Structures are given as C-alpha cells and as structure tokens.
Amino acid sequence: MDILSLIGIVLALVAIIGGAILKGSSAGALVGSAAFVIVVLGTFAASLIQTPLATFLRAWKIAGWVWKPPVNNPEAVIEKIVEWSNIARKQGLLGLESAVEKEEDEFLKKGLQSLVDGGEPDAIRSTMEVELDTMEHFDNQAAKVFEGMGVYAPTLGIIGAVMGLMAVMQNLADPSKLGHGIAAAFIATIYGIGFANLLFLPMGNKLKAIVHGQTQARVMVIEGIIAIAQGENPRNIESKLKGYFHH
C-alpha cells in the first residue's frame, strides 16, 4: 500500500469537507446527485470518446498502482542477473535453460531466452528495446487518460453550474427556492475542480512516475542481459547495474 496516496486522499476529503464546515456550511451541502451525474458521467463520456478501447481498459487496470504500486526490487533483479552471469561463465549460455523455466517476469524471461538461443548482443538489445518502448508508450497513454479526465472535469463542472443557474432563473417567482438552487448550481463547479485537482490529475502524474520507474528497471535488465551475452565479468556487471539506482 502506498501510504502517501492514502494520506493524500484523506487530506483531500478533510480539506473539502472541513473547509465547507469552517465556512459555515455543512458536509451535506456538498452532496448533489445532479451535479455528480453531470460532472462524473460527463467526464467519463468525454474520456471514452477520446480514448481507444484498449488504452481505456489498460488505464483502469493500472489505476490501482496509485495505491498499490507493482513490486520493484532492483537489488533482487541485480542479484539474479549476477547469478546468471556466473552460471553462463561456468556452464555456458545453455546452462541458463533451467533459469528460463523458473523466471516469472515476462520481460526478464524473454531476454534470458534470447541468451539461451544464442542471439547476438545487438539483436537482443534491438528486440528488447522495441518491446520496452511499446510497453512504455502504452502505459503512458493509459496514464494520460486520467490527465484527460482532469482537463474535462472542470469544464463539465461549469456546464453543471450553468444548468443549475438556468433552473434557478426559471423559479425567480418563488424566492424560497433561490438560495437552495444557487447553492446546488455551484456544487457542480466544486465537483469538477475537486475531482480534477484532487484525484484525476494526481493519479495521472503518479502513474507516469511509476511507469518511468518500471522503464528504468527494464533498461537495467537489458544492460544486464547484454553484458552476459558479451561475457563481462560478474563483478563488473553488478557495479554497472547498481549505477542505475541510487536509493
């Protein structure tokens, strides 16, 4: 669990609800079903129109990374690559066949299989870099879905507010409805700006940071695989790969 994301959500709720109460309103005043439908449903509709289906589905698949990021343990990966290097020096590249069967990470497994198959270093690098670029691009596009929602939500909030004020104008003859109607109109603006700046945009930025971290780890994997293919000393490989991470 990412404790910072959890704290952020809690503080966001405290800021909005607490702010409303301190301003003399109430938590109940922030509830508006019509505003919620206009802003949230409208934002999703705009996102669906903008985004290809595969990207949209990927976006919601990785959304959970904001609260529970994928495990990224570079030290363990470096240790594994160094172990493979030692095996390759002692038994040759074919000695890594058993390691291929045991490996669970698909990216690592494909690189290791290329070694066992006797691929040339340049060919292995080219193949793995193409796959890495494709994965990074796809996940970044998925993260941008939330950035797009962060752009649309405030605009939908304004539309909701205008629609609410239109309803108020239709009831000018009944002063008892004006105050409630105006307050309800501005709830949509709060929803639009709040969802955008406290949820959608932060989610998009955090997901892009996670994708960048995964890419950095995979670049390290490529360098490790290539170093094994070139027969580099295991100690030199370990030293090189540790340079990718300073924390």
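We did not get these values from a lab; they are worked out from the coordinates using the rules stated. Model, not experiment: these values are computed from the prediction. Cβ placement follows ideal geometry from the backbone for every residue including glycine, while neighbour counts extend to all protein chains displayed.
Data for the structure
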{"read-out": "nm² value of the averaged projected area, convex hull over the Cα atoms of the chain", "value": "16.4"}
{"read-out": "Pairwise label distance in nanometres, Glu136 with Gln91, each label 7 Å out on the Cα-Cβ vector", "value": "3.3"}
{"read-out": "Cα-based radius of gyration of region 147-227 once divided by 2.2 N^0.38 Å, which approximates compact folds", "value": "1.91"}
{"read-out": "At least 20 Å along the helix axis (C-alpha) and Kyte average at least 0.5, DSSP helices within the chain", "value": "3-22, 178-195, 201-229"}
{"read-out": "Listed pairs Lys102/Lys242; Lys144/Lys240; Lys208/Lys242; Lys90/Lys110; Lys102/Lys144 exceeding 29 Å between Cα atoms", "value": "Lys144/Lys240; Lys102/Lys144"}
{"read-out": "DSSP-assigned coil residues among GluC sites (Glu not before Pro) in region 90-196, each with at most 15 further Cβ atoms within 10 Å", "value": "Glu104"}
{"read-out": "Cβ-based charge dipole, the chain, positive-most Cα from Asn72, Leu201, Ile226", "value": "Leu201"}
{"read-out": "Burial order of peptide ranges 79-87, 9-17 (average beta-carbon count within 10 Å, highest first)", "value": "79-87, 9-17"}
{"read-out": "Global form of region 1-98, assessed from the alpha-carbon gyration tensor, a/c cut-off 1.5", "value": "oblate"}
{"read-out": "Ranked Phe186, Phe200, criterion: other C-beta atoms within 10 Å, fewest first", "value": "Phe186, Phe200"}
{"read-out": "Per-residue [θ]222 nm for the chain (sum of -39500 (n - 2.57) over DSSP H runs n ≥ 4, rounded to 500)", "value": "-24500 deg cm²/dmol"}
{"read-out": "Residues Lys90, Lys242 arranged by fewest to most Cβ contacts within 10 Å", "value": "Lys90, Lys242"}
{"read-out": "Inter-centroid distance (Cα atoms) of region 193-247 relative to region 1-48, Å", "value": "33"}
{"read-out": "Protection proxy ranking of 149-162, 19-32, 225-238, 201-214 - average other beta-carbon atoms within 10 Å, highest first", "value": "149-162, 201-214, 225-238, 19-32"}
{"read-out": "Total charge dipole magnitude, the chain, about the Cα centre, Cβ charges on Lys, Arg, Asp, Glu only, Debye to nearest 20", "value": "900"}
{"read-out": "Partners for Lys23 among lysines (Cα-Cα distance below 30 Å; same-chain residues under 8 apart left out)", "value": "Lys177"}
